[in-house]
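K.L.:
Below you'll find the structure I mean.
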Amino acid sequence: MRERYAVVGNPVAHSKSPQIHAEFARATGQDLEYGRIEAPLDGFERTVEEFRRQAGKGLNVTVPFKEAAFRYCRKASRRAQAAQVVNTLVFSASEVFGDTTDGIGLVADLTRNIGFDLSGKKLLLMGAGGAAQGVVQALLDAGVSRLLIVNRTVSRARSLAARHGVEACGYDELHGQSFDIVVNATSAGLADEAPSLPDSAFKPGTLAYDMVYGRDTPFLAQARSAGARALDGLGMLVEQAAESFFVWRGVRPDTRPILAGLRGGQTL
Ligand code: NAP
């Protein structure tokens, strides 16, 4: 029987993960199926239990269940323990293992695909939700010299920053500060909104990276008009998927053709 995987979230209809994993499976000769499951907002555990009863082998977890997935798993990787969020679940008869691949996915996209060396750079991270939590440790491991977390709800930024020994603030405290790279880990772009970031955050050569993908967000437009280089999160999506595929199957797919296909708007 083909082994079963899926992405679980709410909403999940827009997810490109089934398309990406089908292409990874084809390219690496792995016999698996990968679906999409919308769990009720109050029914994450129930939905996962049902998937396991049907012999499901693994799940990707997306908004808003990444913290619930961390609580659900019995063993977690070191990077998931640092992040306290899980986007990859692995099931065996007796065990549930959780991992988080967003951080390594972001760093792989920045360094390998975009050619941006993070070492010694001043980085501003916007947001303190599941996506931001998942990437802080990987960014620190990549050698940034400063990591400042800013969030609309400042208390969330402060508690995330305290866990990693970095700084946090509100948007109104950013005036006059500039950064080599600004990573937008908020969901503001999905609502065609932008966090209230002052233009002074950008200087010539700043990289502005929005984890939201497939649309030109107000943050990217602001960054471009302030002279920054603006990029979306499609590469991160593909790279975090490749790392999940490796966690499940022990095979690392080549991400370049898939990313090129998605960027070119081709059907994979
Ligand atoms: P989340 O847990 O719901 O957190 C949302 C964050 O956005 C919070 O920090 C929230 O601030 C902030 N926010 C929302 N609207 C805002 C606004 N109008 N102005 C300022 N801040 C705002 O969501 P998440 O899981 O962190 O995901 C965030 C985004 O990253 C999503 O759009 C998701 O699709 C994307 N993502 C992409 C990838 C990828 O591979 N490319 C991977 C993971 C996530 P408050 O705390 O004040 O509410």
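K.L.:
For Arg224 paired with Ala13, estimate the spin-label separation in nm (one decimal), with each label point 7 Å from Cα along the Cα-to-Cβ line.
P.N.:
Distance between label points: 2.8 nm.
K.L.:
Need the full-extension length gain, Arg71 to Arg52, defined as separation in residues times 0.36 nm minus the C-alpha distance. One decimal, nm.
P.N.:
5.2 nm
K.L.:
Dipole magnitude of the chain about its Cα centre, charges +1 at Lys/Arg Cβ and -1 at Asp/Glu Cβ only, in debye to the nearest 20?
P.N.:
480
K.L.:
Could you list, bin by bin from short to long, the percent of Cα-Cα pairs of the chain in 5 Å steps?
P.N.:
1, 6, 13, 17, 19, 17, 12, 8, 4, 1, 0, 0
K.L.:
Determine which lysines satisfy two conditions relative to Lys75: a Cα distance under 28 Å, and not lying fewer than 8 residues away in the same chain.
P.N.:
In chain and number order, the partners are Lys16, Lys57, Lys66.
K.L.:
Subtracting the Cα-Cα distance from 0.36 nm times the residue separation, let me have the gained length for Glu45 to Ser145 in nm, one decimal.
P.N.:
Contour length minus the Cα-Cα distance gives 32.1 nm.
K.L.:
Ok, one more. Using the Cα centre as the reference, give the magnitude of the dipole from point charges on the C-beta atoms of region 138-237 (Lys, Arg: +1; Asp, Glu: -1; all else neutral), rounded to the nearest 20 debye. Let's see the in-between values first.
P.N.:
Numbers: 9 positive and 11 negative charges, 38 e Å.
I would put it at about 180 debye.
K.L.:
On the protein heavy atoms, probe 1.4 angstrom, tell me the percent of accessible surface of region 23-80 carried by carbon and sulfur.
P.N.:
46
K.L.:
Something else now. All other residues with a Cβ under 12 Å from the Cβ of Gly189 taken together, and with Lys, Arg as +1 and Asp, Glu as -1, what is their net charge?
P.N.:
On the way: positive: Arg215; negative: Asp192, Glu193, Asp210, Asp216, Asp232.
Here the count lands on -4.
K.L.:
Within the chain, which DSSP H helices have Cα atoms that stretch 20 Å or more along the helix axis and a mean Kyte-Doolittle hydropathy of at least -1.0?
P.N.:
Span-like helices here: 234-249.
K.L.:
Here's a follow-up. In whole percent, and with a 1.4 Å probe on the protein chains, what portion of the accessible area of region 135-268 is carbon and sulfur?
P.N.:
The value for region 135-268 is 48 percent carbon and sulfur by accessible area.
K.L.:
Extending each Cα 7 Å along its Cβ direction at Ala162 and Glu95, get the distance between those two points in nm, one decimal.
P.N.:
3.4
K.L.:
With the contact rule set at Cα under 8 Å and sequence spacing of 6 or more, what percent relative contact order holds for region 1-150?
P.N.:
Values: 260 pairs, mean separation 28.5, N = 150.
Rounded, it is 19 percent for region 1-150.
K.L.:
Choose one answer from Gly56, Gly130, Gly105: the residue with the largest mean-square fluctuation in a GNM of the chain with alpha-carbon springs under 10 Å.
P.N.:
Highest fluctuation of the listed residues: Gly56.
K.L.:
Now for a separate question. Answer rounded, prolate or oblate for region 120-219, using the Cα gyration tensor with square roots of eigenvalues a ≥ b ≥ c: rounded when a/c is under 1.5, else prolate when a/b is larger than b/c, else oblate.
P.N.:
Since a/c stays below 1.5, the shape of region 120-219 is classed as rounded.
K.L.:
Projecting each Cα onto the charge dipole of the chain (Lys/Arg +1, Asp/Glu -1 at the beta carbon, about the Cα centre), which of Pro198, His175, Gly130 comes out farthest on the positive side?
P.N.:
Positive-most Cα among the choices belongs to Gly130.
K.L.:
Helix-derived [θ] at 222 nm for the chain: sum -39500 (n - 2.57) over DSSP H runs of at least 4, divide by residue count, nearest 500? Intermediate values should be presented prior to the final figure.
P.N.:
On the way: 10 runs with 97 residues, N = 268.
Here the helix-only value at 222 nm equals -10500 deg cm²/dmol.
K.L.:
Applying a 10 Å radius around every beta-carbon, put 117-123, 92-98 in order of their mean neighbour count, most first.
P.N.:
Averaged packing, sorted descending, gives the order 117-123, 92-98.
K.L.:
If you don't mind, another one. I'd like the FRET efficiency for Asp172 and Asp31, computed as 1/(1 + (r/R0)^6) with the beta carbon distance as r and R0 of 51 Å, rounded to 0.05.
P.N.:
The computed FRET efficiency comes out at 0.40.
The values are calculated or read from the model by the stated rules, or taken from the named source; none is laboratory data. Model, not experiment: these values are computed from the prediction. Cβ coordinates were reconstructed from backbone atoms using ideal geometry, including for glycine residues, and neighbour counts include every protein chain displayed. We work out accessible area using only protein heavy atoms, side chains counted, and drop any ligands, DNA or RNA first. Shrake-Rupley method; radii C 1.70, N 1.55, O 1.52, S 1.80 Å.
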